[in-house]
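First comes the structure, then the notes that go with it.
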Amino acid sequence: MTLKVKIEYYPELDEAIIEDSINLIKNNKDKWDSPFFFDTKTYLDIKKIKKTLDPLITENLKNIIVLGTGGSIQTLIALKHLAKRKIFPVTSSRAVELKGCLDKTSPEDSIVIPISRGGETLDINSTIGTFLRKGYKFLGLSSKGMMNDILKRIECPILDVPNLSGRYAGSVTNVGIVPAYLAGVQIEEFLKGLKEAYETFSKLNKHPSIEIAAFLFNLYKKGYKMVFSMPYSKNLEGSIGLFVQGISESTGKDEKGLIGAYQSAPIAQHSVLEYLLGGTKGFVIPTIWTIENEYPDFLLNSSISYVDGISAQNIINYQADATFQALIQQKVPSAKFTIENPSEKNIGNLIALILSIVYYLCLLLNVNWANNPKVIIGKQICNDALKERINIEESEKRRKNLAAEKFKHFFK
């Protein structure tokens, strides 16, 4: 296949380093489960999805409200720009977003889709009742836990969520595909883009995902710890959010790993570029993400002669290229990713590339690509505090006592 993602990175790795990285991947791959997400068919029943969802798709359906967080919703956000209906991602009970969704939708023109693998996610369970009391229709994506019990009691349709790592599962299970289908995204084209890319990326030889993973790994060995992404299109930000989650949650364990972060570009040029070019070197790896043929796009009218008549996105891409060149000029290792256009198939290619890079980077770091054992710590603290109705003063007191114990002599 011809990959619909163009990649540049500097300094380029020589063949010996790439070959060493491939051998290390081969040595470590059997320590953990095989990457289930290379399989784009086993965990999906497209006929069942259509049979369940088609009766719900009416002329009145205008809004898809998705109650989900993290891996449960990130793939859908990457496809959001392709939706024919309005998608409202409600990731928690943060008041502004929740009220904004309620103000802009109604039970008559919306369907609510709670998503949770374990069914115990507070961010999701805490918002269900609000929509339920207002009379919204529900479609559940759930298999167990408190959320599953709630959905069964209200007798709404429920499709299963397999017990798979969420950040990887969204693209190949009901988690991402069901709400995308309801929203009008061409899911068959998206899955085709995934499948074609994984046919290349699943092989243990030189290809873009292993090469970029090796690039990041060899910089990590030199002390680099952050991958900072600059997406030069709103249509790429969902995919980059998945990259940030994948890098951080997958590699960051056993006292190892890199952290992902991003800011919209070219805004990033006016807030962080000075640091990237002139600040502390040897810590941050900038990555630039662009689209060749954006849509929608249009020609600009301008009194500046060299701008007038050039498309809006083309101006943005000039800025992206200039930023990339400036980074290289200042000896900052960096990479640039470009997709042809933000179609379903190309986003499928891009997500396959992102998840493959993360998977191979984990094997190079010798960490489990699928789990996230420390996340439960904060969730348990929160649930316990809510059950005990701990007030602000008591919560602060506990933190002060804990910090005194854990950080004793820290600055001495």
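Here are a few things to note about the model shown:
- A Cβ-based charge dipole, computed about the Cα centre of the chain with Lys and Arg at +1 and Asp and Glu at -1, lands at about 1260 debye.
- Amide H to amide H distances under 5 Å link S311 with L300, where only residues 5 or more positions off or on other chains count and H is placed in the peptide plane.
- Rounded, prolate or oblate (a/c below 1.5 giving rounded, otherwise prolate when a/b exceeds b/c) for the chain by Cα gyration tensor: rounded
- Cα gyration tensor, segment 154-206 - rounded (a/c under 1.5), prolate or oblate: oblate
- Amide H contacts for M230 (H built 1.01 Å from N in the peptide plane; partners 5 or more residues away or on another chain; cut-off under 5 Å): T287, I288, W289.
- In this simple spin-label model, placing a label point 7 Å from the Cα along the Cα-to-Cβ direction at both V375 and D103 gives a separation of 3.1 nm.
- Toward the positive end of the charge dipole of the chain, with +1 on the Cβ of Lys and Arg and -1 on the Cβ of Asp and Glu, the farthest Cα among T52, G135, Y318 is that of G135.
- Neighbour counts of C-beta atoms inside 10 Å place E8, E396, E196 in the sequence E396, E8, E196, starting with the fewest.
- For the peptides 233-245, 270-282, residues were scored by their other Cβ atoms within 10 Å and the scores averaged per peptide; the highest-first order is 233-245, 270-282.
- Backbone HN-Hα couplings from phi across segment 137-153 [Karplus 6.51/-1.76/1.60, Hz, Gly and Pro as x]: 7, 10, 9, x, 10, 6, 10, 7, x, 4, 4, 4, 5, 4, 5, 5, 5
- Computed from backbone phi with θ = phi - 60° and the Karplus coefficients 6.51, -1.76 and 1.60, the 3J(HN,Hα) list for segment 307-323 is 10, 4, x, 8, 5, 4, 5, 5, 4, 4, 5, 4, 5, 4, 5, 5, 5 Hz; x is used for glycine and proline.
- Comparing L67, L300, L258 in a Gaussian network model of the chain where C-alpha atoms under 10 Å apart are linked, the largest mean-square fluctuation is found at L300.
- Neighbour-count order for K62, K4, fewest beta carbons within 10 angstrom listed first: K62, K4
- The length gained on full extension between K397 and T42, counted as 0.36 nm times the residue separation minus their Cα-Cα distance, comes to 122.8 nm.
- Under 5 Å from the amide H of F88 lie the amide H atoms of I64, I65, V66, each residue being 5 or more positions distant or on a separate chain, with H modelled from the backbone and absent for Pro and chain starts.
- Panel order for R94, R153, by other beta carbons found within 10 Å of each beta carbon, from fewest to most: R153, R94.
- Global geometry of segment 274-382, whether rounded, prolate or oblate, following the gyration tensor of its Cα atoms and the 1.5 cut on a/c: prolate
- Per-residue ³J(HN,Hα) for segment 241-253, Karplus 6.51 cos²θ - 1.76 cosθ + 1.60, θ = phi - 60°, Hz, x for Gly and Pro: x, 5, 5, 4, 5, x, 4, 6, 6, 8, 8, x, 7
- Comparing C362, C101, C382 in a Gaussian network model of the chain, where Cα atoms under 10 Å apart are tied by springs, the biggest mean-square fluctuation is seen for C382.
- Separation of the alpha carbons by more than 32 angstrom is noted, of K29/K234; K41/K99; K195/K234, for K29/K234; K41/K99.
- Considering only K345, K86, K379, the Gaussian network model of the chain with Cα springs below 10 Å gives its largest mean-square fluctuation to K379.
- Summed residue charge, Cβ within 12 Å of S233's Cβ, Lys/Arg positive, Asp/Glu negative: -3
Since every read-out is calculated from the coordinates, none of them should be taken as a lab result. Worth saying up front: this structure is predicted, and the values here are computed from it rather than measured. Cβ coordinates were reconstructed from backbone atoms using ideal geometry, including for glycine residues, and neighbour counts include every protein chain displayed.
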